[in-house]
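The values are calculated or read from the model by the stated rules, or taken from the named source; none is laboratory data. What you are looking at is a predicted structure, and each value in this text was computed from that prediction instead of being measured. Here the Cβ positions follow ideal geometry from the backbone for every residue, glycine too, while neighbour counts run over all protein chains shown. The accessibility values were calculated without ligands, DNA or RNA, using every heavy atom of the protein model including side chains. Shrake-Rupley method; radii C 1.70, N 1.55, O 1.52, S 1.80 Å.
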Amino acid sequence: HAISAQTSTGFSTDNFDLWPFAPQVVLVILMFTGGMSGSTAGGIKTSRIYILWKIIVHKLKSIFHPEYISKLKIGKQEIDTKIAMNVLVFFAVVAISAVFSILIFTFDGIDPDTAISTVACSLNNIGLALRAAGPTESFAFLSDFGKLLSSFLMLLGRLEYFTLILLFFPSFWKRT
């Protein structure tokens with residue numbers, strides 16, 4: 001199930017709703033992690049998570065050792081500030097999308113566990129979810145609005161966020 005959650009294949013061989021809470025949390029985290037860069041798996045992608053980790057470590061070093069001067073690198077390759085900023089903005093967009101969507105689903109009458117896993121499933125195009133949308137259930141319980149929101153989240157995740165968000169900027173549609 002861990003491989004299925006991370007690679008967005010959506011296969012299920014067991015009712016993981018009956019598992020203890022900790023493995024279920026791991027599944028949701030793996031849904032957001034996704035596959036390697038360039039793969040067709042959903043999720044954030046491990047390369048972005050690694051770059052985020054390097055940014056955090058680099059920033060913490062500079063906070064606790066202000067005299068320490070170094071460049072942000074992965075291996076021997078320097079990470080450009082523009083790339084680092086794009087990764088940070090990507091994570092912010094993912095976090096805002098997830099939190100906002102979870103709140104909307106909760107206000108639509110869905111319990112928080114189901115809302116969290118439904119958002120993880122939809123944003124990352126996974127096929128696995130928990131509770132009311134679990135492995136022995138379907139998404140039939142969603143309201144019409146909930147189904148539209150899930151569809152939008154699936155597009156948002158599959159098109160890598162920025163592509164879909166770009167469509168909502170009027171400057172994109174202006175001729176230059």
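Details
- Test result for GLU137, within 24 Å of ILE3 (Cα to Cα) and over 22 Å from the mean Cα position of the chain (by Cα): yes
- Any chance LEU123 is closer than 21 Å to PHE162 by Cα and either open to solvent by 50 Å² or more (accessible area, probe 1.4 Å) or touching a residue at least 60 places away in the same chain (Cβ under 8 Å) (or both): yes
- Filtering the stretch 137-155 to residues that are open to solvent by less than 80 Å² (accessible area, probe 1.4 Å) and either more than 17 Å from SER101 (Cβ to Cβ) or among the small types (Gly, Ala, Ser) (or both) leaves SER138, ALA140, SER143, GLY146, SER150, SER151.
- Restricting attention to the stretch 13-44, the residues being in contact (Cβ under 8 Å) with a residue 60 or more places away in the chain and over 22 Å from SER97 (Cβ atoms) number 4.
- Of all residues making up the stretch 62-84, the number that are in a helix (DSSP H, G or I) and either open to solvent by 90 Å² or more (accessible area, probe 1.4 Å) or closer than 24 Å to THR33 by Cβ (or both): 6
- Candidate set from the stretch 20-47 (those that are open to solvent by 60 Å² or more (accessible area, probe 1.4 Å) and of a type outside the set (Ser, Thr, Tyr)); member that is nearest to LEU153 (Cα to Cα): ILE29
- Qualifying positions in the stretch 63-81 - charged (D, E, K, R) and without any contact (Cβ under 8 Å) to a residue 12 or more places away in the chain: GLU67, LYS71, LYS76, GLU78, ASP80
- From ARG158, ARG175, ARG131, residue being among the charged types (D, E, K, R), under 16 Å from the mean Cα position of the chain (by Cα) and either open to solvent by less than 70 Å² (accessible area, probe 1.4 Å) or more than 20 Å from LEU103 (Cβ to Cβ) (or both): ARG158
- Options PHE105, PHE100: the member that is open to solvent by 100 Å² or more (accessible area, probe 1.4 Å), hydrophobic (A, V, I, L, M, F, W, C) and in a helix (DSSP H, G or I): PHE100
- The residue of the stretch 2-19 that is least open to solvent (accessible area, probe 1.4 Å), among those that are among the aromatic types (Phe, Trp, Tyr) and not in a helix (DSSP H, G or I), is TRP19.
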